[in-house]
Structure formats: C-alpha cells, structure tokens
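Worksheet: the structure to be examined is printed underneath.
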Amino acid sequence: MTATKLVIGASGFLGSHVTKQLVADGERVRVLIRPTSSTRGIEGLDVDIRRGDIFDADSVRAAMRGCDVVYYCVVDARPWLLDPAPMWRTNVDGLRAVLDVAAPANLQRFVFTSSIATIGRSTDGPADETTEHNWLDVGGEYVRSRVAAERMVQRYSAEKDLPAVAMCVANTYGPGDWLPTPHGRMLSAAVSGRMPFYIDGYESETVGIEDAARALILAGRHGRAGERYIVSERWMSAREIFEIGCNAVGVTPPQRRVPIALMAAASYPSSWVARLRRRDSMLTPLNVRLMHIMSPMDHSKAVHDLGWQPAPTPEAIVAAAHFFRTSRRNRTEPR
C-alpha cells in the first residue's frame, strides 16, 4: 500500500498549496489542522482531515501513523507582537513537541518550513545556505525564534537520525492568500487602490507560492537529510511588486515615494502608542528594519539538488493581484 503524506498546517497559505499539489500528483494525503482552523484553502480536495493540536502528542502520533513524509508548515509570523511568548510557543515549543513524535516514527523525510530570515547577511555577493547567521542582535524575537527552530531541527537530524530538511522560504505571492500574509496584505491594498504610497528601500527575496510548494514536495523526495535549501526566485523592491500587480488589474500603482528612513522614524511613536494602549501595531522599528535588512540570495542549491525550476515571480504577483481583486469583490457583494 502506498504510504501517506502528512501536511501539518494545511490551512495556511503554503500548507494549502502543498496539499493541493500532492493531491494533483496522485498522492494519498492526510492533513492535521487545529479544531478552529478554516478549510477554505483545501475545500473539495480528497484528503483525510484530522483535527488536533501540535502540542497533543497523541493526535500528532495518530496523524503521522502510516506516513512516510511529513510537511511541517506551521509558523507564527508576527514579528510585531508586544508579547512574543505566543510566537515562541508556536515556533519553538510546538515544533519540539512534533519533533519528539517524528524522531522515532521511521519517516522517509521531515520537511520543515523555515525562513530566509535564518540566512546570514552577505557583503560579498549573494548569500547562500553556508552563510552563517550574523544579525541576531538586530533581528528581534521573530528572527530569534526562527533561527532557534531551524537549529533544533538540525540537532534532531544529527543526534536522533530524523531525516529532516529545512526549507528557507522567501516572501510568497500567489492566489489563495486568504488571511493574508503581511506582504500579501500590502499588495492587496495596492491593487485595491488603498495604498497611497510605496516604501522606497523596502526590498526582499520573493517566490511564487506554487513554486515554493513544489520545492517542499521535491525536498520530500530528494532532499538530503540535515541540509537546508533557499526557496526564493528573485530579489524585488516593493515598488516593482506594486507596479506589476496594479498594472495586471488596471489600477494606478502607488505614486508617492516614502523613504524607508521616514517610515523608520514614524515607527517609534507608533510603537510607543501601541505599548501605552497595550495593542499590537504593525508599524514598529523592528518591522521596518526587517523590510531592508537581508541580502540577495542564491537558490542554485535547490535547483541542483532538488531539480527545482521556479517560474518568474512576477507571474505569481499577477495571479495574486487577480485573486485579491476577485476575493475582495466577493466579500463586498451582497449575498
């Protein structure tokens, strides 16, 4: 009997696309999602849905039974939180609970969704998987939690023979970003005509969501245990992203330029007010810093080892723009 593939966190943006592609490939698929999670991203798919919590060893063990590959797509990506404890609990403690179940489960692969934030900065050409992390002191609690999580996965691989592969995923764009992601929210605002400016200096590594999902699936088949792979297609500015998305749907792109230094200055009073009101705000010094702190990256290792061939990210941005416009109309039209 063909072994089952398990996707933990299939209700999320990346997890839902991994699930869709596995089903399209003819695989038997099981998903583990929280009791409160939406199934909107995987509706209509022939999958075995299990409800449970990553902290419940029994539910994780039951979901993992009979599976040969686990795709772990759970992450709390909210670097702006005033209290980072919930983020650490999900990103590190929850992962540890799952790894304790996975280590003795005789898996073929454990594919961990990491982040390009775990890659070091380079001043001598593009960074790659060998570039040691060198900016923990300015990365904030989110980056610290992601680095700690990836290093823990590598320890389980080295010390407990878990065949784990870490996938360092860039900012993803494409259809199905229902929540949406923080960078998706900005594109959604732009293509809806609600973003009056672009941030000059906001630059990041990017990748289409379908290509990111394909990289994870290829890692489940060909990834080398203990290794990590950069999952990114190209370096792009916010202005480029907005122009591509807005032009695709016939909306004028944001014309006003706001220097990132000005955003950084505005973030301090915003952060003070947030602390006084005890309410989270996305405009924080850390969030602005993360918009321009990383280096361009080289994804050739994923191409060589996994056979990954990503499409140009602008194609995914166009698809995302159409998705945001359509989903917004559906939300606002009377039913």
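Filtering the stretch 302-335 down to residues that are modelled with pLDDT of 95 or more and β-branched (Val, Ile, Thr), which residue is farthest from GLY193 (Cα to Cα)? Break it down stepwise before answering.
Applying the first criterion (modelled with pLDDT of 95 or more) to the stretch 302-335 yields 302-324.
Still in the running and β-branched (Val, Ile, Thr): 303, 313, 317-318.
Numbers: VAL303: 37, THR313: 22, ILE317: 16, VAL318: 15 Å.
Out of the qualifying residues, it is VAL303.
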Original post:
Does the stretch 322-332 contain any residue that is within 25 Å of the chain's Cα centre (by Cα), within 23 Å of LEU136 (Cα to Cα) and not basic (Lys, Arg)?
Top reply: no
Original post:
Within the stretch 248-264, is even one residue assigned to a helix (DSSP H, G or I), more than 28 Å from THR118 (Cα to Cα) and either touching a Leu at 6+ places or on another chain (Cβ under 8 Å) or modelled with pLDDT of 95 or more (or both)?
Top reply: yes
Original post:
Restricting attention to the stretch 91-99, does a residue exist that is among the aliphatic types (A, V, I, L, M) and touching a Cys at 6+ places or on another chain (Cβ under 7 Å)?
Top reply: no
**OP:** Would you point out which residue out of SER237, SER281, SER267 is buried (at least 18 other Cβ atoms within 10 Å of the Cβ) and within 29 Å of ASN134 (Cα to Cα)?
**Re:** SER267
**OP:** Please go through the stretch 107-124 and pick out each residue that is in a loop (DSSP other than H, G, I, E, B) and either at pLDDT 95 or above or polar (S, T, N, Q) (or both).
**Re:** LEU107, GLN108, ILE119, GLY120, ARG121, SER122, THR123
**OP:** Tell me which of these ILE54 doesn't satisfy, since it passes every other one: (1) in a loop (DSSP other than H, G, I, E, B); (2) in contact (Cβ under 8 Å) with a residue 60 or more places away in the chain; (3) touching a Gly at 6+ places or on another chain (Cβ under 6 Å).
**Re:** (2)
**OP:** Could you run through the stretch 134-146 and say how many residues are surrounded by fewer than 24 Cβ atoms within 10 Å (Cβ to Cβ) and closer than 28 Å to ALA311 by Cα?
**Re:** 1
Original post:
If you scan the stretch 14-36, which residues turn out to be part of a loop (DSSP other than H, G, I, E, B) and either crowded, with 17+ Cβ neighbours inside 10 Å or touching a Gly at 6+ places or on another chain (Cβ under 8 Å) (or both)?
Top reply: GLU27, ARG34, PRO35
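The values are calculated or read from the model by the stated rules, or taken from the named source; none is laboratory data. A quick note: this is a predicted structure, and the numbers were derived from the prediction, not measured. All Cβ positions, glycine included, derive from the backbone under ideal geometry; neighbour counts span all protein chains shown.
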